[in-house]
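Below you'll find the structure, written out as structure tokens, and then a few comments.
The values are calculated or read from the model by the stated rules, or taken from the named source; none is laboratory data. Predicted model, so just to flag it, every value in this text is computed and none were measured. When we count neighbours, we look across all protein chains shown, and the Cβ atoms used for this are built from the backbone with ideal geometry, even at glycine. The protein model used for the area step is the full one, side chains on, heavy atoms only, and it has no ligands, DNA or RNA in it. Shrake-Rupley method; radii C 1.70, N 1.55, O 1.52, S 1.80 Å.
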Amino acid sequence: MGRPNREGAAMNPPEAPPRLPSVDRLLGHDAAAALVERYGRSAVADAVRAVLAEIRAGRASLADPDVLLARAARRLVEENHPSLRPVFNLTGTVLHTNLGRAPLPPEAAQAVAAVMTGASNLEFDLARGERGERDDHVEGLICRLTGAEAAVVVNNNAAAVLLVLNALAMRREVVVSRGELVEIGGSFRVPDVMARAGCRLREVGTTNRTHLRDFEEAIHARTGLVMKVHASNYAIQGFTAQAAEADLHRLCTARGVPFAVDLGSGNLIDFAAFGLPAEPTVRAALVTSDLVTFSGDKLLGAVQCGIVAGRCDLVARVRKNPLKRALRVDKMTYAALEATLRLYLHPERLPERLPTLRLLTRARSDVAAQAERLLPTVAGIFGASAGVTVETCSSQIGSGALPIESLPSACLALVPPPAVRRRAEGAWLKRLAGALRALPVPVIGRIADGALRLDLRTLEDERGFLATLAALDPGFGS
Ligand SMILES: *Cc1c(COP(=O)(O)O)cnc(C)c1O
């Protein structure tokens, strides 16, 4: 019964494609009702249209409404995965900027939850029944913990630096040592921020050596500010010299010019007391400066924000600047920051209550014991598809804090099974990393020295980790 083709020869007809049901017919189908209830009619219609388009494009040939709707349902589940979600940071970098920096203490999460779904006294003075200042919720705590006279909070430390520069030195000169004209995290370059703040940069000294007399000669009537940028993500070693902050402060005071220090990672307590490398505290920096800027989500271990703390008259100028309004933070930030700062009032318990400090102070022996404990289960999950061993490694603090210091740690090292040829090992490691990123709770490790390393310093939820790992696609290696 073949239809003649162009040449007139008889051919068997191709299998006629089943007619696809219309979008409306599919939406009227029983299986669609639950989807519509859950996701809404227009989202389900969009998903159904997308599935039908895929089939028309020849990527599948299905006409059964139940099968089509099952595909639409899978699509909807994927679409409705939140984009921003938890991951396991096992990179070995504790404060990983790409992975959200500091984990908040539960006290902070509770404080955020308490204010976020309703009204709060964000800018309302409950005692007097009149308008209040949002910074009032944390200013007293910051002053108590740092010795500052006053403080303001903005969106991050980059904003804090921008605001200080603009408020104190717009159209004036800012004197900075040449060795401190650094780039922090790709998009924050000290000279660029100065330009955007409307300041003229006055570089003094050389990359490796700057002396007090360099500053003495540079300060004149058009100087708005002298600034020091703490070496946070770099270190200049060897034949180096810097003007001492105490000397700079004395010089600036004598000349009537404010002296600001951008600390970057602002720790409120001496970390050396917990066996960590020493970093200047905000309190110490304020003894020899007028104003300090620092991050809320680096060593401080709270939420993303930037804090300007110091002399009352200077902070008042910063607060009055119109940019402060543009850079201000939300009630959730104040709630998280206040709750975290309160933990600092009880420093003895801080290492157990502040996750950042808890993770940073873990001894290698503790991390190694955890690795040994997890090894049999993890090896069981991988079976023959990967080799798993416990190895020592070094964690980093991250976020530019203490760039040359590292913390002894331990990791699970995942290596290709013997069947994988040497030349294919790199590709195998990349496939494994991709499979770990595709887990229900993605696991982010680090590829180094022929292995994918999972540094366990930052692993607290062992059960959650094993549960997500159990969902690994066993075919990842091929
Ligand atoms: C990290 C850092 C910044 C930027 O801080 P953010 O909170 O990331 O905006 C600025 N200056 C220094 C010295 C830093 O270390």
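Residues of the range 358-367 that are charged (D, E, K, R) and assigned to a helix (DSSP H, G or I): ARG358, ARG364, ASP366.
Listed by position, the helices (runs of 4 or more DSSP H) inside the range 243-357 whose residues that are hydrophobic (A, V, I, L, M, F, W, C) and free of Cβ contacts under 8 Å to residues at least 60 places away in the same chain number at least 2 are 245-255, 282-287. Candidates GLY238, GLY264, GLY275: the one that is under 21 Å from THR340 (Cβ atoms) and of a type outside the set (Ser, Thr, Tyr) is GLY264.
Residues that are surrounded by fewer than 16 Cβ atoms within 10 Å (Cβ to Cβ) and within 17 Å of VAL287 (Cα to Cα) were ranked within the range 201-249; the one that is farthest from the chain's Cα centre (by Cα) is ASP247.
Taking each residue of the range 160-181 that is outside the structural domain of ARG209 (by TED's automatic domain parsing) and of a type in the set (Gly, Ala, Ser) and looking for partners that are within 16 Å of the ligand (Cβ to nearest atom) and open to solvent by less than 30 Å² (accessible area, probe 1.4 Å) with beta-carbon atoms closer than 9 Å, six or more apart or interchain, yields nothing. Here ARG196 clears all of (1) surrounded by fewer than 20 Cβ atoms within 10 Å (Cβ to Cβ); (2) away from the ligand (no atom under 16 Å from the Cβ); (3) over 14 Å from ARG255 (Cβ atoms) except the condition numbered (2).
Figure legend. Inter-residue proximity from the range 186-204: first residues charged (D, E, K, R), second residues open to solvent by less than 50 Å² (accessible area, probe 1.4 Å), beta-carbon distance below 6 Å, spacing 6+ or different chains. Indicated pairs: ARG200/GLU173; ARG202/GLU173; ARG202/VAL175; ARG202/ALA218. Considering ARG328, ARG373, ARG349, ARG342, the condition of being under 13 Å from LEU412 (Cα atoms), open to solvent by 70 Å² or more (accessible area, probe 1.4 Å) and of a type in the set (Lys, Arg) is satisfied by ARG373 alone. SER295 falls short on exactly one of the conditions (1) hydroxyl-bearing (Ser, Thr, Tyr); (2) open to solvent by 10 Å² or more (accessible area, probe 1.4 Å); (3) more than 16 Å from ASP214 (Cβ to Cβ), and that condition is (2).
Of VAL282, VAL287, VAL257, all but one fail to be more than 16 Å from the ligand (Cβ to nearest atom) and either among the charged types (D, E, K, R) or open to solvent by less than 50 Å² (accessible area, probe 1.4 Å) (or both); the exception is VAL257. The residues in the range 302-320 that are more than 13 Å from the ligand (Cβ to nearest atom) and in contact with a strand residue (DSSP E or B) (Cβ under 9 Å, 6 or more places away or on another chain) can be counted, and the count is 10.
Do we have GLY380 as modelled with pLDDT of 95 or more, open to solvent by less than 30 Å² (accessible area, probe 1.4 Å) and either more than 30 Å from GLU279 (Cβ to Cβ) or of a type in the set (Asp, Glu) (or both) here? No, not satisfied.
Taking the conditions (1) more than 12 Å from the ligand (Cβ to nearest atom); (2) touching a helix residue (DSSP H, G or I) at 6+ places or on another chain (Cβ under 6 Å); (3) not β-branched (Val, Ile, Thr) in turn, ASN121 satisfies each one other than (2).
Table: residues versus (1) closer than 30 Å to GLY434 by Cβ; (2) open to solvent by 40 Å² or more (accessible area, probe 1.4 Å).
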residue: ASN80; (1), (2): yes, yes
residue: PHE88; (1), (2): yes, no
residue: THR93; (1), (2): yes, no
residue: ASP136; (1), (2): no, yes
residue: ASN156; (1), (2): no, yes
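Evaluating ARG373 against the criteria (1) within 16 Å of the ligand (Cβ to nearest atom); (2) modelled with pLDDT of 95 or more leaves one unmet condition, (1).
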